[in-house]
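Remarks on the structure that follows.
None of the figures in this text is laboratory data; all of them are computed from the coordinates on show. Being a predicted model, the structure only gives us computed values, none of them experimental. Note that we place each Cβ from the backbone using ideal geometry, even for glycine, and neighbour counts take in every protein chain shown.
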């Protein structure tokens with residue numbers, strides 16, 4: 001299990017400004033690149049908490065070597081694979097800083113990532129829940145595939161409007177790898193032991209406050225490859241076991257997700273009864289609009305593909 005004391009101890013100095021939690025399982029292929037991109041940040045006042053979920057490849061050797069080179073790194077190894085959800089949540093519970101960021105073993109940060117996010121946070125009197133930069137997707141070799149064109153920028157003062165906008169932006173949600181205001185994140189359920197629990201986390205975040213998407217060049221690179229969780233695990237049962245090896249599905253993933261969304265709206269603190277009802281309506285209408293938009297896009301592609309075949 002992660003021991004919080006080594007992570008929290010910074011002899012002779014104050015707590016860091018940012019805690020970065022890196023949960024990993026068998027990440028040896030890309031882990032070293034990810035660590036270098038974190039350690040090369042212009043903003044250096046951070047702690048890096050690595051939790052190894054009982055990896056069986058070279059992950060432990062890489063982590064041990066880097067922890068010996070940089071005092072900002074704390075490495076801990078789970079006694080067995082506890083699943084991604086618990087590993088993600090454990091690094092958060094060990095964090096000590098005002099701001100928190102999850103990092104993945106296969107993603108990369110540009111050197112200005114933390115600087116831009118922290119500067120934006122500090123420009124607000126009341127901090128948003130998440131600040132995250134423009135992102136792009138890369139392949140196994142680091143070649144850019146495409147830009148992430150979704151923007152979960154939800155700065156309205158109305159929780160219901162924020163919910164509607166967040167629903168439209170859910171996909172490969174790069175915002176969950178942005179920088180969080182740690183006290184706000186602590187008010188959520190964190191990562192749940194069910195499929196698409198990151199969607200529920202983001203819903204809870206927009207119920208609590210704004211998510212800010214920075215303008216400018218991409219500073220985050222999300223790697224798409226065959227061994228990433230959604231690619232390597234083909235069935236819903238396999239994906240569920242990735243979140244929690246002991247989990248057993250009694251409902252379909254869509255049924256569970258609907259229940260969790262509703263529970264979040266009526267369980268998160270700080271909302272009035274009217275706000276909860278408006279958010280529930282906004283959630284339903286948001287998904288209806290999203291489904292209609294996806295269906296319209298599919299019809300457009302079918303039409304244009306048909307036109308091309310006729311032309312040929």
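If one takes the longest principal axis of the Cα atoms in the chain, at what angle in degrees, from 0 to 90 and to the nearest 10, does the Cα axis of helix 113-122 lie? Approximately 80 degrees, to the nearest 10. Listing 215, 204 from fewest to most neighbouring C-beta atoms within 10 Å gives 215, 204.
Compute the long axis of helix 59-69 from its Cα atoms, compare it with the longest principal axis of the Cα atoms of the chain, and write down the angle in degrees, 0 to 90, nearest 10. Its long axis makes an angle of about 50 degrees. On the basis of the beta-carbon distance and an R0 of 30 Å, residue 61 and residue 236 show a calculated FRET efficiency of 0.35. As a proxy for reagent exposure, 254, 110, 98 were ordered by neighbouring Cβ count within 10 angstrom, fewest first; the result is 254, 98, 110. Evaluating kT/(6 pi eta Rh) at 10 °C and 1.306 mPa s, with the Kirkwood radius of the chain over Cα pairs in the Stokes-Einstein relation, gives 77 µm² s⁻¹.
Tell me, how many Å apart are the Cα centres for the range 56-90 and for the range 189-227? Comparing the Cα centres of the range 56-90 and the range 189-227, I get a distance of 22 Å.
Of all DSSP-defined beta bridges confined to the range 1-106, some 0% are antiparallel rather than parallel. Shown for 248, 15: other C-beta atoms within 10 Å of each C-beta, ranked fewest to most, produce the order 248, 15. Can you give me the C-alpha center-to-center distance between the range 248-309 and the range 111-176, rounded to a whole angstrom? If we compute the Cα centre of each part, the gap is 19 Å.
Mind checking the log10 I(q)/I(0) for the range 1-160 at q = 0.11, 0.13 Å⁻¹? Debye, one equal scatterer per Cα, no solvent, two decimals. Once normalised to I(0) and log-transformed, intensities are -0.47, -0.66.
Considering helices alone, the calculated mean residue ellipticity of the chain at 222 nm is -13500 deg cm²/dmol, with DSSP H runs of length four and up weighted by -39500 (n - 2.57) and normalised per residue.
Between 0 and 90 degrees, the angle of helix 253-267 with respect to the longest Cα principal axis of the chain falls at about 80 degrees. For the chain, the share of DSSP beta bridges that are antiparallel, to the nearest 5, is 30%.
Comparing 174, 115, 141 in a Gaussian network model of the chain (Cα springs below 10 Å), the most mobile by mean-square fluctuation is 141.
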